[in-house]
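The values are calculated or read from the model by the stated rules, or taken from the named source; none is laboratory data. Given the structure is predicted, the values throughout are model-derived calculations rather than measurements. Here the Cβ is made from the backbone with ideal geometry for all residues, glycine too, and neighbour counts use every protein chain on show.
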Amino acid sequence: MSERRVGLIGALLVAIGPVSMALFTPAMPEIVRAFGTTEAAVKMTLSLYFAGFAFAQLACGPLSDGYGRKPVTVAFMGIYLAASLLALAAPTIEVLIAARFLQGIGAAVGVAIARAVVRDLFVDERAARIMNLIGIILAIGPALAPTIGGVTLQLAGWHAIFVLMVLMGLTVVIVTQVSLRETVVRDPSRIRPAALLRSYASLLGNAYFMLSTLVIAGTIGALYTQATVLPFILMDRVGLTPTEFGMGMLMQSGMFFAGSLAVRQLMRLMPAARLVPIGLACVGSSSVAIAILLRTFEPTFLTVMGPVGVYAFGIAFVMPAMSVAAMAPFPRIAGSASSVTGFFQMGAGLLGGTLTALIGEPVLAMAIVIPAMGATAILCWIVWRLLPEPAPMTVTPPRHSGPVA
């Protein structure tokens with residue numbers, strides 16, 4: 001398969017997770033009223049979605065190493081479709097929470113398989129270009145999803161949002177069956193318990209892998225954490241309607257899209273790894289702005305979404321190189337490596353969302369948790385760049401900014 005084809009299919013697979021989250025967020029205040037429940041209970045629909053997404057990756061990645069990328073993708077998307085139908089018919093908030101947990105399990109397959117397929121077929125700068133292309137296309141889905149979710153909510157109610165998710169799931173299944181070629185040879189011995197334990201031990205014991213994974217977790221995980229608090233800040237505190245909230249979220253996704261386009265041009269001039277410090281500078285400056293502005297002033301759209309947009313812009317510079325760096329040393333267990341990376345990425349979102357729920361007040365929670373996640377990513381990168389490159393990484397562009405993915 002060509003770079004472009006892999007990028008397009010990969011973007012569709014990766015998008016199912018964040019789009020399913022972004023479509024839902026405008027409906028959260030309405031669901032509080034519809035079920036006569038609390039904000040904390042509705043936030044659990046996101047927290048358990050993150051939990052299902054995070055922990056399921058530890059299964060779907062290794063399963064795809066043993067049984068193939070295509071059948072595992074179809075099986076997990078079957079779970080996603082069943083969960084979407086359950087959410088559509090949910091009579092209580094408890095059933096909706098359970099359905100969202102199952103949705104997370106099913107959607108987990110997308111990011112795990114997409115990264116594994118890229119690693120199966122490409123390495124080094126070609127892999128970074130594909131991850132950048134996935135990022136560009138991926139930005140479109142979450143950029144439009146809150147707007148689509150907000151409009152759908154106002155026109156047809158929150159149930160219609162889950163109808164859209166059913167249609168998305170069916171689309172992924174069809175594309176997987178028709179367009180995705182199998183990239184691994186079936187080998188069930190890879191998922192025997194002893195083999196799995198060895199695989200995970202080699203991943204968790206590899207400092208290069210873990211630090212690059214934590215850089216990803218601290219940046220992308222912050223976006224997922226923001227999804228648990230921004231609806232309540234922007235709609236309840238700032239006063240936006242669901243449609244206005246959806247339009248406002250374009251600042252986050254639009255800045256990520258702009259950053260991805262900038263990275264695509266800059267990668268013609270320099271290796272992807274040299275762009276990472278630029279991205280982390282954006283993450284750091286926006287973290288400081290969030291910590292100061294939200295503690296000092298009453299929140300407005302610009303004081304909230306301005307720093308959020310800069311943070312998202314920086315992530316676009318970080319992701320291509322760090323994603324490739326995490327995957328490159330492990331060609332034989334690419335599914336497992338992708339799963340662990342995804343687990344920490346979504347686990348960071350789960351942890352951040354849980355901490356914001358425990359803090360309670362959404363503005364204060366965002367002012368504390370998001371800067372802490374940004375600082376974690378920066379510190380992990382500082383240590384990572386001092387480490388030697390693992391042996392399987394054979395291409396070594398200039399090392400001006402540390403190991404090159």
**Complete:** Contact list, first residue from the range 114-138 and modelled with pLDDT under 70 and surrounded by fewer than 24 Cβ atoms within 10 Å (Cβ to Cβ), second anywhere and of a type outside the set (A, V, I, L, M, F, W, C) and in a helix (DSSP H, G or I), beta-carbon distance below 6 Å, six or more apart or interchain, is ILE136/SER260
**Request:** Kindly establish whether VAL42 is free of Cβ contacts under 8 Å to residues at least 60 places away in the same chain, under 17 Å from LEU230 (Cβ atoms) and hydrophobic (A, V, I, L, M, F, W, C).
**Result:** yes
**Message:** Given the condition buried (at least 19 other Cβ atoms within 10 Å of the Cβ) and closer than 29 Å to ALA316 by Cα, answer yes or no: does some residue in the range 154-161 qualify?
**Reply:** yes
**Asked** If THR219 satisfies every condition in (1) surrounded by fewer than 21 Cβ atoms within 10 Å (Cβ to Cβ); (2) part of a helix (DSSP H, G or I) but one, which is the exception?
**Response** (1)
**Request:** Would you please name the residue that is farthest from PRO320 (Cα to Cα), looking only at residues in the range 360-387 that are part of a helix (DSSP H, G or I) and of a type outside the set (A, V, I, L, M)?
**Result:** PRO362
**Message:** Kindly evaluate PRO329 against the criterion of being in contact (Cβ under 8 Å) with a residue 60 or more places away in the chain and touching a Pro at 6+ places or on another chain (Cβ under 6 Å).
**Reply:** yes
**Prompt:** In the range 10-50, which residues are over 16 Å from the mean Cα position of the chain (by Cα) and under 27 Å from VAL118 (Cβ atoms)?
**Reply:** none
**Asked** Restricting to the range 236-252, what's the tally of residues that are more than 21 Å from VAL283 (Cα to Cα), part of a helix (DSSP H, G or I) and at pLDDT below 85?
**Response** 7
**Asked** in contact (Cβ under 8 Å) with a residue 24 or more places away in the chain, within 16 Å of the chain's Cα centre (by Cα) and surrounded by fewer than 24 Cβ atoms within 10 Å (Cβ to Cβ), is that true of LEU351?
**Response** yes
**Request:** State all residues of the range 281-292 that are buried (at least 16 other Cβ atoms within 10 Å of the Cβ) and free of Cβ contacts under 8 Å to residues at least 40 places away in the same chain; if no residue qualifies, say none.
**Result:** CYS282, ALA289
**Prompt:** Can you name the number of the only condition in (1) within 28 Å of ILE130 (Cα to Cα); (2) of a type in the set (Lys, Arg); (3) in a helix (DSSP H, G or I) that ARG295 fails?
**Reply:** (1)
**Request:** Take the range 241-280 and flag every residue that is among the hydrophobic types (A, V, I, L, M, F, W, C) and surrounded by fewer than 21 Cβ atoms within 10 Å (Cβ to Cβ).
**Result:** MET247, LEU250, MET251, ALA258, LEU261, ALA262, LEU266, MET267, LEU269, MET270, ILE278
**Prompt:** (1) more than 20 Å from LEU358 (Cβ to Cβ); (2) in contact with a Lys or Arg (Cβ under 8 Å, 6 or more places away or on another chain); (3) of a type in the set (Ser, Thr, Tyr): which one isn't true of THR219, the others all being true?
**Reply:** (2)
**Request:** Look through THR213, THR228 and report the one residue that is surrounded by 24 or more Cβ atoms within 10 Å (Cβ to Cβ), under 23 Å from the mean Cα position of the chain (by Cα), assigned to a helix (DSSP H, G or I) and modelled with pLDDT under 85.
**Result:** THR228
**Request:** Output the number of residues of the range 21-32 satisfying the condition of being at pLDDT below 85 and either touching a Phe, Trp or Tyr at 6+ places or on another chain (Cβ under 8 Å) or not aliphatic (A, V, I, L, M) (or both).
**Result:** 8
